[in-house]
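The values are calculated or read from the model by the stated rules, or taken from the named source; none is laboratory data. Note that the structure is a prediction, hence the values are computed from the model and not measured. FYI the Cβ positions are ideal-geometry reconstructions off the backbone, even for glycines, and counts take in every protein chain you see. Note: accessible area is taken over every heavy atom of the protein model, side chains too, but ligands, DNA and RNA are not part of it. Shrake-Rupley method; radii C 1.70, N 1.55, O 1.52, S 1.80 Å.
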Amino acid sequence: MGKFVAAFIFISIAAIFYYIQASSRVTAPGHPGAKAHWSYAGKNGIGTAYEQYTDGQYQDKGHTGKISKVWFSLAQGIVTETMFGLIHEAQLQEVQFYIKGEDFLHQEKIDAISHIEYLHKDAKGRPLSLAYKIINRDKHNRYEIEKHIFTDPDTNSMLMKIYFRAFANNITPYLYVNPNIANTGPGDIAWRERSWLDKNVWLAADDNVHFALNTDANIISSTVGFEGVSDGRQDLIKNGKLTEHYTTTGNLPGNVAFTLQLPSLNHNQVGEWQFVFGFGKSKIESINAATQTAATGYANVLTHFNGSGNNIGWEDYLTSLPELDKLSAIATDGGKLLFTSAMVLKAQEDKTHAGAVIASLSNPWGDTANADTSQTGYKAVWPRDFYQVTMAMLAMGDKITPKIAFEYLRTIQANANTPGYSGAPGWFLQKTEVDGTPEWVAVQLDQTAMPIMLGWRLWKEGVFSDAEITKWYSTLLKPAADFLCDGGSVNIATNHSIIIPPLTQQERWEEQSGFSPSTTAAVITGLVAAADIARLANDDKSALRYLATADQYSSDVEKNTFTTQGKLSPDNGKYFLRITANNNPNDQGQLQDRNAQGLINESEIIDAGFLELVRYGLRSAEDYYITESLPELDNTLIADELRVKYEFTFPHTSGTFPGWRRYGRDGYGEDTIAGRGYNAMGETLAESRGRVWPIFTGERGHYELARELTKTTINGKIAQKDFENLRNNYVKGMELFANDGHMIPEQVWDGVGNNDTYHYSIGQGTNSATPLAWSHAEYIKLLRSYSDKKVWDTNTSAALRYNKIK
């Protein structure tokens, strides 16, 4: 009886305490808070748990158990966008520390020197999982923050282990958490909650999406508020400590944030704390996710994430790739970037819609991009990037993911089942969310050809049997090939057009319509591939039509796109144009105004797209039209606005390494006035400048291999010296463009214009989009091509038909 009474008294006191806590909640002022933004896009780490397919899908009943649908990214030494649900659905904008000392207040991402490495590596230093260790150190050696970051494969949470080391007295850390729940910034509510059984938990919600923060740290004080007004950071800046302790932002949604004060530390003291970020479709789900991970514990979660022992994790994916060791021998860094690239590509697949591979886990120039409304940024599907990624996976020996990805393509093919669409079927939507929802709706003919090219290659590599590819021919590939031949009417959203191939509504840079060498190269290759499959399917009539159309396109490509009166180089004037609006490349036509660059003479603009004719096998590397165009592409003496090629040097590395912009007068990048991000001023400036893209170092590396192969001696082998020159120029060049987390960017700084905003180093990735899946895919394919001494993307049927030196 005594124990019962004691327990009753204890419960009653706890209930009263909870009531007092709940009834004394203090609502933060300052609704709705400052304008919300996304985070810095130059990521030096991304992560998610590795999961295995079950019957071609991600299912909780499979070998890996519950599917974790949480992704994170790292930039500037801190956790940035953390996704839950679909891969584009960001929930956190950033998580970082503010550090108060005797005479300073530091913001971690700005004031600390950051170092990143992988927690789990092999004896050669190659990463074996996407778990990270970040060390951020005070420039004056007063503190150091070590963070271990990864997700829990068994639930929807992210774990962050902290070792905070003080090297001076009275150092106080404050954890600052800025949610962007449900992929928007201003629609959130936030509060702190405590029950008689629970420790404090900090929560945020937007409609039915919830976030919960669980920690084992002794939180001295905390506050919940509206960003930029009452979020705690403002209190620290003004008063040097938290003087307000709001427990809720109330019922009106806004841009919210938490600030948590941790124990102060003195010289040589270490704070060891664990923070778990749980997500769910309800408050209980998010709390349970965080609680489960906390109970499992750091060591067990990390072991599972890595796939060590009997656990299924990232080690298992890497082990499943039979070509990794062979490709590592070609890499000049021992395979570090290769192993990272393999995991980066796999990590950028959605886990609700298996096979949906996105372009990048980032929003370009996100730190200046408004987050008031939901957007995907690069966290979306483009069939072109999709093709690059799946071909790279195949190059590593992954024959499962490309197959599942190919099957996903039916989700994004335009037909009678596409919502809001009428017109000719068969083409593939320009850009979609992972569930197939259209975002951009222009017709890009290379994006219709590449799925055919992929299907053909999967068949040739034995991934698809004859029966399987025949089935896909009738349901997916024939409609695409027919569209490449016939085009037709297109009606969807704002696009009401008649497409007449090979004139494309947009080329691979999504900005101009007309005749494009790179687009036409893909279209020809796609039709030849379709003809092979049509013959297998006993559709000889279509096969003959596809080949006849491909032959016509091939015979016209130089006539349509090679100028003999170009203005870019008065000494020559003979080169492939980037694109021409009609089939007369000598009429000095004007390109459409894009990215505030105005109307430009088409003959002044060159890009490397014509090299795709060699890459796919349609032309010899020594073809007259190809070699005649190279001097203009590589001219480093012309004005910067028209110049494409740049040379780079890197500290502690001998030699120079080549890089190329997309094309002259590219306006998609930082401005030359102050180096501000694209559209940072709310509009595109005429001074905006697209920078160098690492993928072109890879593309040129493929071309130069093809060129050497045409020069081989009678024994049919490339001289070892010549091969090593290629490897050390192009393979190593791509490796040097990667950042310290082995992430390859979309663009790198080329040194042109003012650099006051971001202070990039020459060759450093910009705030465009990092990691770009296409960049990593290009690197992997370059390794495979150099390993095989054969260009990986070449279509052998197309090469046999067209590859003749002119």
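The residues of region 408-431 that are open to solvent by 20 Å² or more (accessible area, probe 1.4 Å), in a helix (DSSP H, G or I) and touching a Gly at 6+ places or on another chain (Cβ under 7 Å) amount to a single one, 411.
Among the numbered conditions (1) surrounded by fewer than 20 Cβ atoms within 10 Å (Cβ to Cβ); (2) more than 27 Å from the chain's Cα centre (by Cα); (3) not small (Gly, Ala, Ser), the only one that residue 705 does not meet is (1). For region 648-659, the set of residues classified as open to solvent by 80 Å² or more (accessible area, probe 1.4 Å) and more than 26 Å from the chain's Cα centre (by Cα) consists of 651, 652, 654, listed by residue number.
Quick check, is residue 549 among the β-branched types (Val, Ile, Thr), under 29 Å from residue 438 (Cβ atoms), open to solvent by 20 Å² or more (accessible area, probe 1.4 Å) and at pLDDT 95 or above? Yes: the conditions hold for residue 549. Scanning region 660-691 for residues that are more than 23 Å from residue 580 (Cα to Cα) and aliphatic (A, V, I, L, M), we see that the one that is surrounded by the most Cβ atoms within 10 Å (Cβ to Cβ) is 680. When region 595-608 is limited to residues that are in a helix (DSSP H, G or I) and either open to solvent by 10 Å² or more (accessible area, probe 1.4 Å) or touching a helix residue (DSSP H, G or I) at 6+ places or on another chain (Cβ under 7 Å) (or both), the one that is farthest from residue 503 (Cα to Cα) turns out to be 604.
The single condition among (1) outside any helix (DSSP H, G or I); (2) among the aliphatic types (A, V, I, L, M); (3) in contact with a helix residue (DSSP H, G or I) (Cβ under 7 Å, 6 or more places away or on another chain) that residue 434 does not meet is (3). Out of (1) closer than 24 Å to residue 40 by Cβ; (2) part of a loop (DSSP other than H, G, I, E, B), what's the single condition that is false for residue 211? Every condition holds for residue 211 apart from (2).
Selection of region 718-749 for residues being charged (D, E, K, R) and either in contact (Cβ under 8 Å) with a residue 24 or more places away in the chain or touching a Phe, Trp or Tyr at 6+ places or on another chain (Cβ under 7 Å) (or both) yields 727, 732, 735, 740, 746.
Looking across region 762-774, the residues that are in a loop (DSSP other than H, G, I, E, B) and open to solvent by 10 Å² or more (accessible area, probe 1.4 Å) come down to 762, 764.
So that you can scan it fast, the table gives a plain yes or no per residue for (1) more than 20 Å from residue 285 (Cβ to Cβ); (2) of a type in the set (Lys, Arg); (3) surrounded by 24 or more Cβ atoms within 10 Å (Cβ to Cβ):
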residue: 146; (1), (2), (3): yes, no, no
residue: 151; (1), (2), (3): no, no, yes
residue: 156; (1), (2), (3): no, no, yes
residue: 174; (1), (2), (3): yes, no, yes
residue: 185; (1), (2), (3): yes, no, yes
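Residues of region 228-245 that are open to solvent by 30 Å² or more (accessible area, probe 1.4 Å) and not polar (S, T, N, Q): 228, 229, 233, 237, 238, 241, 244, 245.
Each row is one residue, and each column tells you yes or no for (1) crowded, with 24+ Cβ neighbours inside 10 Å; (2) farther than 20 Å from residue 509 by Cα; (3) of a type in the set (A, V, I, L, M, F, W, C); (4) modelled with pLDDT of 95 or more.
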| site | (1), (2), (3), (4) |
| --- | --- |
| 593 | no, no, no, yes |
| 610 | yes, no, yes, yes |
| 615 | yes, no, no, yes |
| 618 | yes, yes, yes, yes |
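Taking region 393-407 as the range and being in a helix (DSSP H, G or I), closer than 17 Å to residue 460 by Cβ and not hydrophobic (A, V, I, L, M, F, W, C) as the test, the residues that pass are 402, 403.
A single member of 97, 167 is touching a Phe, Trp or Tyr at 6+ places or on another chain (Cβ under 8 Å), surrounded by fewer than 22 Cβ atoms within 10 Å (Cβ to Cβ) and hydrophobic (A, V, I, L, M, F, W, C), and it is 167.
Within region 728-761, being surrounded by fewer than 17 Cβ atoms within 10 Å (Cβ to Cβ) and in a loop (DSSP other than H, G, I, E, B) holds for 740, 751, 754, 755, 756, 757, 759, 761. Within region 39-61, residues that are free of Cβ contacts under 8 Å to residues at least 60 places away in the same chain have Cβ atoms under 9 Å from residues that are in a loop (DSSP other than H, G, I, E, B) and of a type in the set (Gly, Ala, Ser) in these pairs: 54/62; 55/62, counting only partners at least 6 apart in sequence or on another chain. Evaluating residue 348 against the criteria (1) in contact with a strand residue (DSSP E or B) (Cβ under 8 Å, 6 or more places away or on another chain); (2) surrounded by fewer than 18 Cβ atoms within 10 Å (Cβ to Cβ); (3) within 21 Å of residue 388 (Cβ to Cβ) leaves one unmet condition, (2). Residue count for region 370-396, restricted to those that are in contact with a strand residue (DSSP E or B) (Cβ under 6 Å, 6 or more places away or on another chain) and either open to solvent by 10 Å² or more (accessible area, probe 1.4 Å) or at pLDDT 95 or above (or both): 7. Of all residues in region 98-144, those satisfying the criterion of being farther than 15 Å from residue 740 by Cβ and β-branched (Val, Ile, Thr) are 99, 110. Has region 627-647 got at least one residue that is crowded, with 23+ Cβ neighbours inside 10 Å, under 30 Å from the mean Cα position of the chain (by Cα) and not in a helix (DSSP H, G or I)? Yes, region 627-647 has at least one match. Restricting the search to region 316-345, which residues are over 13 Å from residue 50 (Cα atoms), small (Gly, Ala, Ser) and surrounded by fewer than 21 Cβ atoms within 10 Å (Cβ to Cβ)? Within region 316-345, 328, 329, 334 qualify. Any residue at all in region 108-119 that's open to solvent by 10 Å² or more (accessible area, probe 1.4 Å) and either at pLDDT below 95 or more than 18 Å from residue 44 (Cα to Cα) (or both)? The answer is no; no qualifying residue exists.
Take residue 356 and decide whether it is surrounded by fewer than 23 Cβ atoms within 10 Å (Cβ to Cβ) and of a type in the set (A, V, I, L, M, F, W, C). Give the steps one after another, and end with the answer.
Numbers: surrounded by fewer than 23 Cβ atoms within 10 Å (Cβ to Cβ): no; of a type in the set (A, V, I, L, M, F, W, C): yes.
No.
For residue 733, the criteria (1) out of contact with any helix residue (DSSP H, G or I) (no Cβ under 8 Å at 6 or more places or on another chain); (2) among the small types (Gly, Ala, Ser); (3) within 30 Å of residue 764 (Cβ to Cβ) hold in every case but one, which is (1).
Kindly provide the set of residues from region 535-577 that are of a type in the set (A, V, I, L, M) and assigned to a helix (DSSP H, G or I), ordered by number. Scanning region 535-577 gives 536, 543, 544, 547, 548, 550, 557.
Within the bounds of region 633-656, is there any residue that is within 25 Å of residue 366 (Cα to Cα) and in contact with a Lys or Arg (Cβ under 9 Å, 6 or more places away or on another chain)? Explain how you work it out, then say what you get.
As a first pass, look at region 633-656 and keep what is within 25 Å of residue 366 (Cα to Cα): none.
No, because not a single residue in region 633-656 is within 25 Å of residue 366 (Cα to Cα) and in contact with a Lys or Arg (Cβ under 9 Å, 6 or more places away or on another chain).
Taken as a whole, region 432-447 holds no residue that is open to solvent by 10 Å² or more (accessible area, probe 1.4 Å), β-branched (Val, Ile, Thr), within 19 Å of residue 534 (Cβ to Cβ) and at pLDDT 95 or above.
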